[in-house]
Amino acid sequence: MDIIERFLSYTRINTTTSREKGAAGIMPSSDGQMVLAQLLAKELTALGMEDVVLRDTAILTATLPANIETSEESKPIPTVSFFAHLDTSAEQSNDTKAHIVNYQGGDICLNAGENIFLKETEFPELVDYIGDDIIVTDGTSLLGADDKAAIAAIMNALQVLKANPDIPHGTVKVAFVPDEEQGLRGAKAFNVESFGADFGYTLDCCGIGEFVHENWNAGDAIITFTGQSAHPMSAKGKLKNSLLMAHQFISMLPGGEAPQYTEGREGYYWVKELSGNSAKTILKMDVRDFYKDGYRDRMTFLQNLSDSCAKLWGESSISINLSDRYENVANSLEGDASFPITIAKESYERNGITMKAVPMRGGYDGAVLSQKGLPCPNIFTGAHNFHSIYEYLPVNSLKAASNVVVEVIKITAEGHK
Ligand SMILES: [Zn+2]
């Protein structure tokens with residue numbers, strides 16, 4: 001099957017993640033994810049993959065066995081793996097109606113009736129794709145290239161390897177997981193030990209050439225302020241207003257270190273949720289930093305701030321709960337463990353693609369898998385404008401993503417001699 005038709009067929013299955021069902025602990029959180037996983041299981045079997053296993057959670061795994069014999073003297077070939085997620089973000093839940101346009105510059109009309117355009121002024125990187133075929137939506141849904149472009153790229157790579165048995169390769173494993181878009185639930189439920197890969201790659205980021213091998217160290221802070229209520233006619237000297245305590249606490253945070261003022265590798269405190277009344281107020285914050293020390297310093301700062309406030313207002317007035325969420329994937333790719341980066345670089349180069357390493361200001365499945373002992377940097381899918389009706393996928397970038405997967409598999413086998 002052609003990679004374009006393959007991708008389009010996956011976009012026709014609505015796999016929008018359901019936050020409600022997810023919050024209730026149901027996985028997959030939507031039936032469409034299981035429908036897509038069932039289709040992929042059939043396709044994997046038809047391609048001749050072994051150990052095709054589809055679980056109740058919609059986690060799907062399969063193996064392409066090695067086609068080279070290794071002697072006792074030769075180095076063993078590490079087992080490489082590739083991951084993509086089945087779900088699409090809940091920002092939009094309409095069915096996807098994708099179509100292909102040959103881009104000649106200027107704005108792309110997505111939907112004449114609704115007057116929806118993909119505008120060159122808003123998305124100036126479109127000029128890089130003049131002359132290319134681009135897959136877009138009708139402006140009423142996501143495209144779902146996040147992450148079905150990845151699924152298509154991986155499936156196509158397996159098809160290429162099966163069709164070309166002269167390409168030597170070691171054991172290759174693939175996994176498709178549900179509910180990435182709500183707290184990386186699929187990756188969290190994934191059993192890295194039984195999967196048995198030595199390293200892997202997620203395909204879950206943006207334009208051609210991008211590569212992620214670092215992201216946040218991430219944590220949560222929940223601060224509870226407890227006041228003392230009193231009737232206003234006799235409140236003097238008695239009322240302690242927890243809303244004002246929270247207000248004072250927030251005012252003591254470093255003002256510029258917030259998402260709206262930071263970029264690149266700059267960390268932040270994100271005041272995310274504030275709820276309460278004068279008796280009790282709860283403040284929820286995200287803490288993010290690329291550097292281990294920076295992250296620890298931020299968590300310590302919040303603890304110290306809370307301790308100082310406790311001295312000011314009394315021990316029972318404030319309590320803080322700090323917890324780690326995920327760790328920077330770079331922590332698992334240091335020193336001798338950095339070879340997945342080297343292999344990816346070589347693969348991009350052989351495909352004539354300039355690698356652009358992007359510090360990812362977010363989490364992704366690979367960060368969770370890395371923390372579980374399966375180092376997983378992140379390769380591009382080629383798509384732009386994730387989580388938006390303006391999501392689009394240049395066909396050449398999709399093909400390039402698949403070529404990178406094939407080349408990574410080849411390079412992994414080359415080192416064994
Ligand atoms: Zn994604």
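If we scan the range 100-113, do we find a residue that is charged (D, E, K, R) and in a loop (DSSP other than H, G, I, E, B)? Please lay out each step first, then the result.
Going through the range 100-113, the residues charged (D, E, K, R) turn out to be 107.
From the residues that got through so far, the ones that are in a loop (DSSP other than H, G, I, E, B) too are 107.
Yes; the residues of the range 100-113 include at least one that is charged (D, E, K, R) and in a loop (DSSP other than H, G, I, E, B).
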Assuming GLY294 fulfils every condition listed in (1) of a type in the set (Gly, Ala, Ser); (2) buried (at least 17 other Cβ atoms within 10 Å of the Cβ); (3) more than 30 Å from ILE77 (Cβ to Cβ) apart from one, which condition is it?
(2)
Return the residues of the range 328-356 that are among the hydroxyl-bearing types (Ser, Thr, Tyr) and buried (at least 19 other Cβ atoms within 10 Å of the Cβ); say none if nothing qualifies.
SER332, SER347, TYR348
Can you tell me which residue is surrounded by the most Cβ atoms within 10 Å (Cβ to Cβ) among those in the range 71-122 that are of a type in the set (D, E, K, R) and closer than 30 Å to LYS188 by Cα?
ASP87
Filter the range 309-322 for residues that are more than 30 Å from PRO359 (Cα to Cα) and surrounded by 13 or more Cβ atoms within 10 Å (Cβ to Cβ) and give the result.
CYS309, ALA310, TRP313, SER317, ILE318, SER319
Contact list please: Cβ distance under 6 Å, first residue in the range 311-326 and closer than 15 Å to ALA279 by Cβ, second residue aromatic (Phe, Trp, Tyr), pairs at least six apart or on different chains.
ILE318/PHE225
Please enumerate the residues belonging to the range 370-417 that are under 25 Å from TYR326 (Cα atoms), among the hydroxyl-bearing types (Ser, Thr, Tyr) and assigned to a helix (DSSP H, G or I).
SER370
Among the charged types (D, E, K, R), surrounded by fewer than 21 Cβ atoms within 10 Å (Cβ to Cβ), more than 13 Å from the chain's Cα centre (by Cα) and farther than 30 Å from GLY227 by Cβ: does that describe ARG325?
no
Of (1) touching a Phe, Trp or Tyr at 6+ places or on another chain (Cβ under 8 Å); (2) farther than 23 Å from GLY335 by Cα; (3) not β-branched (Val, Ile, Thr), GLY382 satisfies all except one. Which?
(1)
Does the range 220-242 hold any residues that are over 15 Å from SER316 (Cα atoms) and modelled with pLDDT of 95 or more, and which are they?
ASP220, ALA221, ILE222
Complete set of residues in the range 188-206 that are away from the ligand (no atom under 11 Å from the Cβ) and out of contact with any Lys or Arg (no Cβ under 8 Å at 6 or more places or on another chain)
LYS188, ALA189, ASN191, GLU193, SER194, ASP198, PHE199, TYR201
Check MET233 against each of (1) outside any loop (DSSP other than H, G, I, E, B); (2) of a type outside the set (S, T, N, Q); (3) within 29 Å of ARG298 (Cα to Cα); (4) more than 16 Å from the ligand (Cβ to nearest atom) and name the one condition it does not meet.
(3)
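The values are calculated or read from the model by the stated rules, or taken from the named source; none is laboratory data. Worth saying up front: this structure is predicted, and the values here are computed from it rather than measured. Here Cβ is always computed from backbone atoms with ideal geometry, including for glycine, and neighbour counts include all displayed protein chains.
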